[in-house]
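The values are calculated or read from the model by the stated rules, or taken from the named source; none is laboratory data. Just so it is clear, the model here is predicted, and its values are computed rather than measured. Heads up, the Cβs are rebuilt from the backbone with ideal geometry, glycines too, and the neighbour counts pull from every protein chain shown. These accessible areas exclude ligands, DNA and RNA; they are computed on the full protein's heavy atoms, side chains included. Shrake-Rupley method; radii C 1.70, N 1.55, O 1.52, S 1.80 Å.
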Amino acid sequence: MASLRDIQKRIDSTSKTKQITKAMEMVSASKMSKAEENAKSFVPYSEKIQEVVAHIANSNMDTAHPMLEQREVKKSGYFVITSDRGLAGAYNSGVLKKVYETIQKRHQSTDEYTIIVVGRVGYEFFQKRGMPVSKSILGMADQPNFNDIKELASETVQMFADEEIDELTMYYNHYKSAISQIVTAKQLLPLTDIEEMAGSSSTSQYEYEPDQEQILKVLLPQYAESLLYGALLDGKASEHAARMTAMRNATDNANDLIDDLTLSYNRARQAAITQEINEIIGGVAALE
């Protein structure tokens, strides 16, 4: 049995760990609230640009555009959103497992795909496995703005326009609630859901200058970039929620461990007291 001093040291160290996890839980809760607000505030812009793009693309005019047309897939692109730090439960492992399994199933060679990754955890994961990472961002802010990802998003969309890749799929954690984040895979390019978008859009009428075709050429890349940014905001809210939950679980586990150690300490202390009483009684009996 461990000594009283050893048990007390474990109780003290666990108590300090609990203080840290509790503080991290509170910090993550604050960040999650702000990230959730950012993600929700971006929705109206995303819906409006989607509505305009759908209205133009489904009008009677000829709307041929490379981003709307499917072509033979010679090389696939995967846009993966992870975090720069751990201690977030299954936030990173879930999305990385899904991407890894998809790539292993679909591709026989590294020449058949490339990866664009946000976050140090994902970057190191793919690097260790010798998987091609063509572009990356490390050290993303906890509350990112569009300028933080604008260059990467623009370059990624341009890769499709230049036919460096023939399709692009996003992998990220969708924020459903503070306790639920869903690993999501969504095809970004080509934009094949324009008809569905039109069906769900409003019946607003627009006048375009200089003309619809020119505006579509500008809006389609911006729309694709906005989808990437929206996924990043969604992923950040999920990251903070996952870390908050993980730290809460760690705090609860620390409390349970402290309770068990306290019980063991009391039992050991009682045994020591009993032993001392027995020794005293034995000593008295020997002197009689």
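Pairs are defined by a Cβ separation below 6 Å, a sequence spacing of at least 6 or placement on different chains, a first member in region 17-43 that is in a helix (DSSP H, G or I), and a second member that is open to solvent by 30 Å² or more (accessible area, probe 1.4 Å); the pairs so defined are Thr21/Ala250; Glu25/Arg248; Lys31/Asp142; Lys34/Gln143.
Residue-wise test of (1) assigned to a strand (DSSP E or B); (2) at pLDDT 95 or above; (3) within 27 Å of Met32 (Cα to Cα); (4) in contact with a Cys (Cβ under 9 Å, 6 or more places away or on another chain).
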position	(1), (2), (3), (4)
Lys74	no, no, no, no
Tyr78	yes, yes, yes, no
Gly86	no, no, yes, no
Gly89	no, no, yes, no
Gly94	no, no, yes, no
Tyr100	no, yes, no, no
Gln108	no, no, no, no
Ile116	yes, yes, yes, no
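Entry remark, region 104-117: residues being buried (at least 19 other Cβ atoms within 10 Å of the Cβ) and in contact with a Pro (Cβ under 9 Å, 6 or more places away or on another chain) number 3 in total.
One residue stands out among those in region 35-59 that are within 18 Å of His174 (Cα to Cα) and in contact with a helix residue (DSSP H, G or I) (Cβ under 6 Å, 6 or more places away or on another chain): the one that is modelled with the lowest pLDDT, which is Ser46. Going by the structure shown, is Val99 surrounded by 21 or more Cβ atoms within 10 Å (Cβ to Cβ) and under 27 Å from Ser41 (Cβ atoms)? No: the conditions fail for Val99.
Among the conditions (1) touching a residue at least 60 places away in the same chain (Cβ under 8 Å); (2) touching a strand residue (DSSP E or B) at 6+ places or on another chain (Cβ under 8 Å); (3) in a loop (DSSP other than H, G, I, E, B), the only one that Met131 does not satisfy is (1).
Picking from residues in region 128-142 that are closer than 24 Å to Leu87 by Cβ and surrounded by 14 or more Cβ atoms within 10 Å (Cβ to Cβ), the one that is farthest from the chain's Cα centre (by Cα) is Val133. Filtered by the rule that a residue be at pLDDT 80 or above, more than 30 Å from Gly89 (Cβ to Cβ) and β-branched (Val, Ile, Thr), region 250-288 gives Ile273, Thr274, Ile277, Ile280, Ile281.
Among the residues in region 263-276, are any under 39 Å from the mean Cα position of the chain (by Cα), of a type outside the set (D, E, K, R), part of a helix (DSSP H, G or I) and surrounded by fewer than 19 Cβ atoms within 10 Å (Cβ to Cβ)? Within region 263-276, not a single residue is under 39 Å from the mean Cα position of the chain (by Cα), of a type outside the set (D, E, K, R), part of a helix (DSSP H, G or I) and surrounded by fewer than 19 Cβ atoms within 10 Å (Cβ to Cβ). Just give me the residues in region 183-198 being surrounded by fewer than 13 Cβ atoms within 10 Å (Cβ to Cβ) and at pLDDT 85 or above, in sequence order. Selection gives Gln187 alone.
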